[in-house]
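Chemist: Sharing a structure below in C-alpha cells format, with a few things to ask.
The values are calculated or read from the model by the stated rules, or taken from the named source; none is laboratory data. The structure presented is a predicted model; accordingly, all values stated were derived computationally and were not measured. Here the Cβ positions follow ideal geometry from the backbone for every residue, glycine too, while neighbour counts run over all protein chains shown.
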Amino acid sequence: MQDPNLTDVVESNFSKCPSIDEFRNQVYSTSYTLIFVLGFVGNIFALAVLIKTWRQSSPFHVYMMNLAMSDLLCVLTLPLRVLYYVRKGHWEQGDFLCRISSYFLYVNLYCSIYFMTAMSVTRFVAIVFPVQNLHLGTVNRARIVCLGIWIFSSTTSAPFLMSGQHYNNVTKKTECFEPPSPSSDRLLKLQTLNYVGLTLGFILPFLIILVCYAGIIRALLSRTLASHQQQNSASKAIKMIVIVFMTFLISFMPYHVQRTIHLDFLSRKDSSCEEQTFMHKSVVVTLCLAASNSCFDPLLYFFSGEGFRSRLSSIRQTMRFSSQRLTAKMKPTTVSEAQESQQLDVS
C-alpha cells in the first residue's frame with residue numbers, strides 16, 4: 001500500500017471548489033474496517049496453519065509466512081486510520097503513531113510485491129529447471145531472500161518516517177495521512193521518490209513476474225503431464241498466476257498509475273474544480289484497492305500454496321485424534337462414577 005502522504009485526500013486547494021471530505025471519510029472508514037476484518041482473520045488463520053506445520057517447511061512455505069506477517073503489520077495499522085476518518089480528519093494519537101502507521105503501510109506494499117515476485121521465481125525454477133531447483137530451491141536461500149526483502153523495503157521506505165502530524169491553521173485540526181500542498185517543498189521530493197518506487201517497486205517486479213509466467217506457461221504447454229504429481233504442480237502454478245495477476249491488476253497497478261498522475265496534478269495551477277474532484281475521488285478509490293491486497297493473499301496460500309490444504313487437513317486430523325483420545329480417557333471415569341452412583345442407590 002502507499003504512503004498516505006502521497007495520495008490521501010485533503011480539502012481542495014481552491015476555496016471555491018467543493019470539498020469531498022464527507023465522501024472521503026465515509027469510504028475510507030468503511031473500506032478500512034472491512035479490509036481489517038477480512039485481512040486480519042484470513043492472515044491470522046493462514047499464519048497459524050503455517051506455523052503449526054513449520055516442520056514441513058519449503059521455500060514457498062517461507063515466502064508465504066513472510067507475506068502473511070507483512071499483511072498483518074499492514075492491517076493492524078488500519079484501525080488508526082478508521083479512527084482518524086471517523087473523527088472527520090482529526091488526529092489525536094500522537095506524532096509517533098502517525099509516522100509509524102504511514103511507514104508500515106508503505107513497507108507492506110513493497111514487501112508484498114517482492115514476496116510475490118520471489119514466489120513466482122521459485123515456481124518458475126521448479127517447473128522450467130527442475131534439476132537445478134534441487135540445489136537452488138532451498139529453505140535457507142529462501143530465508144536469506146526474505147531477510148533481504150525486509151531490509152530493502154524497510155530502508156527505502158525510511159524517508160516516509162520524516163513526515164508526521166501537523167496542525168492545520170485553516171481547519172483547526174491536527175492532521176495525519178495528508179498530501180503536500182502544491183506550494184510545499186516536499187512535493188518535488190515526493191515526486192522523485194514516486195518515480196524510484198514506481199520503477200523498482202512495481203515495473204521491475206511486474207516484468208520479472210511476466211517473464212516467469214511466460215516461461216511457466218510455455219513449459220507446461222510443451223510437456224505431457226502424465227503423473228498426478230505433475231498435473232497437481234501445473235494446477236497450482238496456473239492458480240498462482242491467476243491470483244497474482246488479479247492482485248497486481250486490481251490493487252497495485254491502479255494505485256501506482258494514479259499516484260504518479262496525482263503527484264503531477266498537484267503541481268498544476270490551472271486545474272478546474274471538476275478535475276480536482278475527480279482526481280481526489282480517484283485517490284480514495286485506488287488507495288482502498290491498494291489496501292485490499294492483504295485480503296487477496298490468503299487466497300494465494302489456499303489455492304496455490306504447496307501442501308497448504310494438506311497441512312490444514314493434517315491439523316484437523318490431529319485435533320480429531322486428540323479429541324478422541326480425550327474422550328477415551330474420560331469414558332472409564334464416567335463408567336466408574338455411574339457404578340458408584342448405582343451402589344449408592346442400592347444402599
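Chemist: For residues that are surrounded by fewer than 21 Cβ atoms within 10 Å (Cβ to Cβ) and hydroxyl-bearing (Ser, Thr, Tyr), scanning just region 16-47, find the one that is nearest to residue 276 (Cα to Cα).
Modeler: Checked region 16-47; the qualifying residue nearest to residue 276 (Cα to Cα) is 19.
Chemist: Out of all the residues in region 71-92, which are loosely packed, with under 15 Cβ neighbours inside 10 Å and of a type in the set (S, T, N, Q)?
Modeler: Of everything in region 71-92, nothing turns out to be loosely packed, with under 15 Cβ neighbours inside 10 Å and of a type in the set (S, T, N, Q).
Chemist: Just to be sure I understand, how many residues within region 139-159 are of a type in the set (Val, Ile, Thr) and under 24 Å from residue 194 (Cα atoms)?
Modeler: At the first step, the residues of region 139-159 found to be of a type in the set (Val, Ile, Thr) are 139, 144-145, 149, 151, 155-156.
In the following step, the residues that additionally are under 24 Å from residue 194 (Cα atoms) were identified as 149, 151, 155-156.
Total meeting the criteria: 4.
Chemist: Restricting the first residue to region 122-135 and requiring it to be acidic (Asp, Glu), which pairs with a second residue that is surrounded by 12 or more Cβ atoms within 10 Å (Cβ to Cβ) and not in a helix (DSSP H, G or I) meet a Cβ separation below 6 Å and a spacing of at least six or different chains?
Modeler: none
Chemist: Which condition breaks for residue 57 when tested against (1) within 20 Å of residue 148 (Cβ to Cβ); (2) crowded, with 22+ Cβ neighbours inside 10 Å; (3) not hydrophobic (A, V, I, L, M, F, W, C)?
Modeler: Of the numbered conditions (1) within 20 Å of residue 148 (Cβ to Cβ); (2) crowded, with 22+ Cβ neighbours inside 10 Å; (3) not hydrophobic (A, V, I, L, M, F, W, C), the odd one out for residue 57 is (2).
Chemist: Pick out the one residue from 277, 286 that is among the β-branched types (Val, Ile, Thr) and over 28 Å from residue 68 (Cα atoms). Talk me through it step by step, then tell me what you get.
Modeler: Numbers: 286 fails: over 28 Å from residue 68 (Cα atoms).
None of the other options fit; the residue is 277.
Chemist: Same structure again: If a residue counts only when it is farther than 18 Å from residue 244 by Cβ, touching an Asp or Glu at 6+ places or on another chain (Cβ under 9 Å) and modelled with pLDDT under 90, which helices (runs of 4 or more DSSP H) contained entirely in region 33-144 have at least 1 such residues?
Modeler: Numbers: elements: 59-75, 78-86, 95-128, 130-136.
Result: 95-128.
Chemist: Output the qualifying pairs, or none if there are none: Cβ atoms under 6 angstrom, residues six or more apart or on different chains, first residue in region 62-91 and farther than 13 Å from residue 295 by Cα, second residue among the hydroxyl-bearing types (Ser, Thr, Tyr) and outside any helix (DSSP H, G or I).
Modeler: Close Cβ pairs satisfying both conditions: 91/174.
Chemist: I'd like the residue in region 174-194 that is surrounded by 17 or more Cβ atoms within 10 Å (Cβ to Cβ) and either closer than 20 Å to residue 21 by Cα or among the charged types (D, E, K, R) (or both) and, out of all such residues, is modelled with the lowest pLDDT.
Modeler: If we take residues in region 174-194 being surrounded by 17 or more Cβ atoms within 10 Å (Cβ to Cβ) and either closer than 20 Å to residue 21 by Cα or among the charged types (D, E, K, R) (or both), then 180 is modelled with the lowest pLDDT.
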